[in-house]
1. Given region 133-245, what strands (runs of 3 or more DSSP E) lie entirely inside it while holding 2 or more residues that are farther than 27 Å from Ala327 by Cβ?
2. Cβ-Cβ under 8 Å, sequence separation 6+ or interchain: first residue in region 314-340 and aromatic (Phe, Trp, Tyr), partner surrounded by fewer than 17 Cβ atoms within 10 Å (Cβ to Cβ). Which pairs?
3. Has region 285-298 got any residue that is assigned to a helix (DSSP H, G or I), within 23 Å of Tyr119 (Cβ to Cβ) and open to solvent by 20 Å² or more (accessible area, probe 1.4 Å)?
4. Looking at region 175-198, which of the residues that are within 12 Å of the ligand (Cβ to nearest atom) and surrounded by fewer than 24 Cβ atoms within 10 Å (Cβ to Cβ) is farthest from Gly288 (Cα to Cα)?
5. Kindly indicate whether Arg254 is surrounded by fewer than 19 Cβ atoms within 10 Å (Cβ to Cβ) and outside any loop (DSSP other than H, G, I, E, B).
6. Just the residues that are more than 25 Å from Arg299 (Cβ to Cβ) and either assigned to a loop (DSSP other than H, G, I, E, B) or in contact (Cβ under 8 Å) with a residue 24 or more places away in the chain (or both), please, taken from region 75-107.
7. Counting only residues that are within 18 Å of Trp203 (Cβ to Cβ) and not aromatic (Phe, Trp, Tyr), which one in region 158-174 is nearest to the ligand (Cβ to nearest atom)?
8. If I ask for residues that are touching a Cys at 6+ places or on another chain (Cβ under 6 Å), farther than 27 Å from Cys38 by Cβ and either open to solvent by 50 Å² or more (accessible area, probe 1.4 Å) or hydrophobic (A, V, I, L, M, F, W, C) (or both), which ones from region 204-232 would you list?
Amino acid sequence: MKAAVFHGSDAGIRFEDVPIPEIGSHEILVKVAACGVCHTDLHYIEHGVPTFKKPPVILGHEASGVVEGVGIEVTAFVAGARVLIPAVLTCGKCMFCRMGRENICSDMTMLGNHINGAYAEYVAVPAKDVLHLPESIPLEEASIIADAISTPYHAVKNRAQVRPGDTVVIFGCGGVGINAVQLATASGGYVIAVDINDSKLAWASEFGAVKTINASKVERVSKEVKKLTGGGADIAIEVIGNPRTIEEAFECVRFGGRLCVVGYTHEKISIVAGKIMFKEIEVVGSLGCRPLDYKPLIRMVESGAIDVKRQVTHRFGLDELDKAFAAMKEGVSLRSIVVP
Ligand code: APR
């Protein structure tokens, strides 16, 4: 089969012929319909973040497809079924899985990181993690549910806990952030979107933001947010992964409010600790989503509350992955998918 194989940050990605993966008794083989192109892949390719599986490894963790083959113990799927593959596969045995917090599983397996991923024609995955996709959802665009939508779903619903009428400031309106905008709006939030790219902000308005702030054109975002909300937002969600914007998001939160950090950075942040105490601000992190969140989320896509089609702005062949990353870096794409 054809695959985009990552050979480490020095050698990059090569388009190659590799064997179709063999499946174990509890696994299924999925013919990939599409795989979303995520910023996380750029961390491996350009920023030296190591993959758990030593390269060569096939990246790509946001995939949908059609079942091609099933292991002898698999009963839940038959060949031809339309499926979504979650980005993270859980062990189901550790303390966190048993607490119902599988998204922080201590033995998690991430597609395109611990094991070969879906920038390929086929991928093998454990059947227990895979979800059926209804006919009414477009198969290729549905791939982005696996991360770009599921991650902000958990953030908005379970961690930020957006309620109707809440003022919610969202930092970053890229592939993940735009869905935080969409989901916070669907939850009844009054959304203020923040970005440095005007076209991202225009998209944010299309996806429900009531107000937008271009961070590069104001002195302090927190000052603007305080003006718009009369003292600070109920909730701030950071979906960039920049220490400075995490700090600024914190400054946007009112007394008794909540900051939810979705963006990843390995750097330190600086926040006056007394403000957390004196203002009773909750600071929470949010990682991926739990298996039980997928069904209601897929229902939201089915009902139209979440639009997948409109946000896939670019599609590329497997051998054009570099173009997808270029579009991401230039900020011209909202979400790109690779269609093998
Ligand atoms: N202020 C405001 N917006 C910014 C800033 C800034 N200083 N810097 C970048 N942005 C905006 C970009 O313009 C872009 O719209 O943040 C957005 C980032 O979007 P993407 O590059 O598409 O990244 P995405 O895939 O959404 O991931 C964002 O979430 O899950 C995590 O690991 C992921 O840390 C990453 C984050």
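1. Hits in region 133-245: 167-171, 233-238.
2. Phe316/Lys323; Phe316/Val339; Phe325/Leu42
3. No, that holds for no residue.
4. Checking each candidate, the answer is Asp198.
5. It is false that Arg254 is surrounded by fewer than 19 Cβ atoms within 10 Å (Cβ to Cβ) and outside any loop (DSSP other than H, G, I, E, B).
6. Of everything in region 75-107, those that are more than 25 Å from Arg299 (Cβ to Cβ) and either assigned to a loop (DSSP other than H, G, I, E, B) or in contact (Cβ under 8 Å) with a residue 24 or more places away in the chain (or both) turn out to be Ala79, Cys91, Lys93, Cys94, Ser106, Asp107.
7. Filtering first and then ranking leaves Gly174.
8. Val225
The values are calculated or read from the model by the stated rules, or taken from the named source; none is laboratory data. Keep in mind the model is a prediction, meaning the values are calculated, not measured. In this analysis, Cβ positions are derived from the backbone assuming ideal geometry, glycine residues included, and neighbour counts consider all displayed protein chains. These area figures cover heavy atoms from the full protein model, side chains too; ligands, DNA and RNA do not enter into them. Shrake-Rupley method; radii C 1.70, N 1.55, O 1.52, S 1.80 Å.
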